[in-house]
Amino acid sequence: MKRLIISLFVVFLSIGLKAQVESTGLYDLSKGQAYCWNVSDDTLFVGCDDGVYAYDLKEMSKWEKYCDAENSVIKIHKDKNRIFIVLMQYLEGNSYSYSIRCSDDYAQNYREIKVPEDYSYKGLYVSPKDPNRIFFTGKRNYFINDGVIFASDNLGEEWQQLYWYNEGIGKDTYYFPGVPLLEFNPYDDTCYAYGPISGLDSFHSFLFISHDRLTSFDYTIRWYRGEKEDPLMPYDEGTFTHLGNMAFSQSDVILVTTFRGVDKSTDGGKTWETSLDVLERDNRADDKYVVFDQVNPNVAYVSIPNENGNMTFYYSRTAGDTWEEIGSPIKEYVNDFTNIRWCCVYGEYLYFSDWKDIYRIDVSNIQTGISSVSAGDNSGDGFIYDLQGRRLSAEPAHGIYIKDGKKIAR
């Protein structure tokens with residue numbers, strides 16, 4: 001039988017990625033900023049200054065205008081025929097106004113979502129298992145922390161305030177809750193609410209875990225920052241004091257960006273350990289962004305600011321146990337290298353944004369650990385092989401395989 005030669009080793013991508021960074025062409029069409037993104041039905045939706053644009057991830061075709069907007073679209077949630085968008089209007093005096101809209105007919109017609117009275121907008125979230133249950137986060141007083149979560153089961157006709165910060169807090173002194181961030185695990189609908197709680201002379205960070213779509217919180221973790229304690233060490237279990245974004249794998253691993261770098265949990269967020277420590281480089285959690293690969297659930301990617309004001313990229317093929325630095329080959333290909341955010345992984349490509357354009361990188365080498373594939377003189381034999389070089393009887397319905405010397409992902 002003719003032999004297929006496969007060279008196997010973990011890839012160092014400082015050179016490999018350089019020739020594979022591609023612009024998807026969004027900025028050529030929108031000429032504005034890319035504020036937010038959402039993936040639905042094999043399509044990447046991006047909110048820009050003049051509306052929402054759509055990109056077919058399966059066909060990798062050109063961008064198309066999905067809907068127009070008179071103001072900047074800073075939040076999108078798309079699920080089948082329903083789409084939520086949040087519009088931001090610039091006002092005089094460096095201030096803004098926000099409006100939330102919802103459409104059930106593919107953005108043909110919108111209705112306004114009424115927000116809780118006297119609260120300014122900070123975030124809109126939709127339950128992945130119940131699209132009729134939405135959550136609003138906001139605050140009433142600009143000068144102090146009084147963040148709240150509201151829930152609605154009828155698209156904003158009625159709101160119920162959720163007292164997320166009263167779970168055993170404030171017994172000894174008065175605390176002011178910051179505006180919480182919400183993350184939903186798409187695989188089991190667990191919700192994580194996290195944010196700062198400031199006291200009269202101290203600072204706490206809390207992580208609340210809910211298994212009933214924020215009807216109640218059945219687990220709480222607390223961290224402490226104050227003058228009498230090491231400001232970067234935890235008061236309780238865990239290793240972080242403030243969180244950036246969470247990433248969930250199909251294998252029940254959770255990664256989160258922190259002041260230190262990246263932390264990891266394997267028990268649903270109850271306990272955490274340091275996964276990647278780059279504390280000497282930067283201490284802002286919201287400047288980092290982590291995402292899991294959808295082809296290989298053990299692969300993750302994170303972008304982290306470095307000491308030069310640019311970005312450094314890491315990947316893990318062990319679900320966050322170990323990391324390898326990719327380097328900075330992307331710099332010469334993007335508009336603004338200091339503001340990289342991962343969007344998603346689809347097939348063999350990792351998509352990312354620099355707030356202006358959307359780019360893609362071929363990460364199949366990371367997904368498989370195979371740096372090169374060669375069929376020698378058999379490149380046209382028509383046979384099908386798996387990634388171990390074993391001949392298959394037919395093309396698999398899903399996954400990555402080799403045909404005619406080429407890797408194919410489904």
(request) Quote to one decimal, in nm, the extra length available between ASP41 and LEU392 on full extension: 0.36 nm per residue of separation minus the C-alpha distance between them. (result) 123.4 nm
(message) If packing is taken as the average count of other Cβ atoms within 10 Å, what order do 270-276, 214-220, 346-352 fall into, highest mean first?
(response) 346-352, 270-276, 214-220
(message) Loop only by DSSP, 10 or fewer other Cβ within 10 Å of the Cβ. Give me the trypsin sites (Lys or Arg not before Pro) in segment 64-100 that pass, ordered by residue number.
(response) LYS80
(request) For an R0 of 45 angstrom, estimate the FRET efficiency from the Cβ-Cβ distance between TYR90 and LYS403 and round to the nearest 0.05. (result) 0.30
(request) Heads up, I need the accessible area for CYS343: 1.4 angstrom probe, whole protein in place, Å², nearest 10. (result) 20 Å²
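The values are calculated or read from the model by the stated rules, or taken from the named source; none is laboratory data. Please read all numbers here as calculations on a predicted model, not as lab measurements. Positions of Cβ are generated from backbone atoms using ideal geometry, with glycine treated the same way; all protein chains shown enter the neighbour counts. Just so you know, the surface numbers come from the protein's heavy atoms only, side chains and all, with ligands and any DNA or RNA stripped out. Shrake-Rupley method; radii C 1.70, N 1.55, O 1.52, S 1.80 Å.
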